[in-house]
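Since the structure comes first, as structure tokens, the remarks are kept for the end.
FYI, it's all coordinate maths here, none of it is from the lab. A quick note: this is a predicted structure, and the numbers were derived from the prediction, not measured. FYI the Cβ positions are ideal-geometry reconstructions off the backbone, even for glycines, and counts take in every protein chain you see.
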Amino acid sequence: MTHLNGARVAILAGDGYEDSELSEPLAVLQEHGAAVDVVSSQAGTITGAHGHEATADRAVAEAVAGDYDALVLPGGVANGDRIRMDADAVGFAREFFAQGKPVGAICHGGWILADADVLRGRRVTSYPSLRTDLRNAGAEWVDEEVVVDQGLVTSRTPEDLPAFTAKLVEEIAEGIHPGQHA
């Protein structure tokens, strides 16, 4: 179960994240041996939609995608909306695609990918209310528990977390994906 030893993963989130969509991937990735940093608009405490608190290890303006092997984008309506309005955060997310690195987005995390302009021609899922936004960004949206497309892992809701985290670990273990591009 420690096949991610040496992997560094960034979780990009802000206030209003869906609690379990940050805490469960964080725990699973650490159980598999990955080092995980929570990255946000600024370092310090961030609070989930239901009161969970997490420590943002670094500000996104100071984070470098090249220092990480993968990125996770938890959902939460307020979180997704805040993060996609942060140009540094959107650029940070886009860099993972430019470098061919695995990215996982669940629920409203897909909004960040739409703003990063990395969805054209990709097959994805999300919380159902994002369907039109993601299609308008060029994605093929489907209603499935988890979708994997060239290193991009997407899921709909907290109920999908077991499938999401399993595929996320698998994609990170595989490393660079040539089909993952900005």
At R0 = 22 Å the Cβ-Cβ FRET efficiency linking GLN30 and ASP67, nearest 0.05, sits at 0.80
Using alpha-carbon positions, the gyration tensor of region 23-66 gives root eigenvalues a ≥ b ≥ c; with a/c under 1.5 called rounded, otherwise prolate if a/b exceeds b/c, else oblate, the class is oblate
Extension length gain for ILE176 and ARG123 (0.36 nm per residue less Cα distance), in nm, is 17.2 nm
Quick calc, GLN150 & ALA87: beta-carbon distance into FRET formula, R0 30 Å, rounding 0.05, result 0.75
Applied in sequence order to region 165-182, the curve 6.51 cos²θ - 1.76 cosθ + 1.60 (Karplus, θ = phi - 60°) yields integer Hz couplings, x standing for Gly and Pro, of 5, 4, 5, 4, 4, 4, 5, 5, 4, 6, x, 4, 10, x, x, 8, 8, 7
Computed, not fitted: 222 nm per-residue ellipticity of the chain from DSSP H runs ≥ 4 (each -39500 (n - 2.57)), nearest 500, equal to -9500 deg cm²/dmol
Exposed-loop cut sites defined as GluC sites (Glu not before Pro) in DSSP loop states with at most 16 other Cβ within 10 angstrom; longest site-free run of the chain spans 1-143
So ALA166 and ARG135, fully extended at 0.36 nm per residue minus their Cα-Cα distance, gain in nm 8.6 nm
Of the candidate values (1) 53; (2) 43; (3) 34, the one computed for percent of Cα pairs over 22 Å apart from this structure is (3)
